[in-house]
1. Could you grab the relative contact order for the chain? Cα pairs under 8 Å, six or more apart, rounded to a whole percent.
2. Using alpha-carbon positions, what is the distance between the centroids of the range 177-245 and the range 1-34, in Å?
3. May I ask you to evaluate 6.51 cos²θ - 1.76 cosθ + 1.60, the Karplus curve with θ = phi - 60°, for each residue of the range 86-100 and list the ³J(HN,Hα) values in order in whole Hz, giving x for glycine and proline?
4. Rounded if a/c is under 1.5, else prolate if a/b beats b/c, else oblate: with a ≥ b ≥ c from the C-alpha gyration tensor eigenvalues square-rooted, which is the range 153-254?
5. Would you calculate the convex hull of the Cα atoms in the range 165-208 and tell me its volume per residue in Å³?
6. Please order ILE189, ILE268 by the number of other Cβ within 10 Å, starting at the fewest.
7. Loop-only check: which trypsin sites (Lys or Arg not before Pro) in the range 1-87 are DSSP coil with at most 10 other Cβ within 10 angstrom?
8. Just how large is the dipole of the range 1-64 about the Cα centre, in debye to the nearest 20, putting +1 at every Lys and Arg Cβ and -1 at every Asp and Glu Cβ?
Amino acid sequence: MPLTLPHGFESLQAIDEAYNPRLRAADLEAALRHQAQRSEQARRELPYRAKVPYGPTLAETLDIVPARRADAPVFFFIHSGYWRANAARDFTQVAFGPHAMDFTTVLVDYALCPAVTLDEIVRQVRAAAAWVLRHIGEHGGDPGRVVIGGHSAGGHLGAMLLNTPWRAQYGLPDNPFAGAVLVSGLYDIAPLRYSYLQPAVQLDAGIVQRNSPVHAVRRCGTPLLLSWGGLEQPAFEEQSTRMLGAWQAAGNTGEALPQPQADHFTAIHGFEDAASPLCAAMQRMVQAPGR
């Protein structure tokens, strides 16, 4: 009996082609060089506190870029790498725009697959968010104005934060975030079980079910913006539009921000520029009534 693949894919090769963002990068080497150079520049020029522990294991740390004033809104950024690569410091570039807007930026580190499961990564990122909500005031941030940011796998983890029952599991308000800006995220991870990533991420049916946020959207008062690059594979747009549909169907506030000239790697460049649509959305979220 032939294997039935998710989302109507006809072959494993088709899934790989749909979800390997390097295949559609306009200039991959230039994008990676930009990220490395701008992140190093941010660590050199901005105030930077590395490896602040939020949990008991060596992987559970945060990098913090404090704002220039106290009680600043907070940008809580979760990095990409398909849950098996990269680190918070590799994305310090995203602090440029928020810092110019007087945000404190928090960049989250977490353990990587296959050393840990995706379930454990989600647990760690939730623990990081809980730590920020409880302790960011000690670092000049306002816990009442935290905006989640995430890219690719980080977008997936950001959506998992939105679906978390915060009061029941953590004793925090049910809607503790001012907003979320998620870029090129993965919200139904079923196809990735059949992709080139599987040897590293080691998904099974239970992990997929527990960690596909599009299927577990709760009523949530947090406004959500979903963005993607127009030059990346259609699968990334489909992931975001399906998530937006589920989000709005649950009675939640959400909007889309396609970036026609961006690919998977350049779609987060807007976080470097306070005048960009991504940063403007963050500013609106923390200025909303009640914030």
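Just so you know, all these numbers are worked out from the coordinates, no wet-lab data involved. From a predicted model like this one, the values you see are computed outputs, not experimental measurements. Virtual Cβ from ideal backbone geometry, glycine too; neighbours counted across all protein chains shown.
1. Computed over the chain, the figure is 20 percent.
2. Rounded to whole Å, the Cα centres lie 15 Å apart.
3. Per-residue couplings from phi come out as 6, 8, 4, 4, 5, 10, 4, 3, 5, 7, 4, x, x, 4, 5 Hz.
4. Cα axes put the range 153-254 in the oblate bin.
5. Roughly 113 Å³ of hull volume per residue.
6. By the 10 Å Cβ count, ascending: ILE189, ILE268.
7. Sparse-neighbourhood loop trypsin sites (Lys or Arg not before Pro): ARG69.
8. 380
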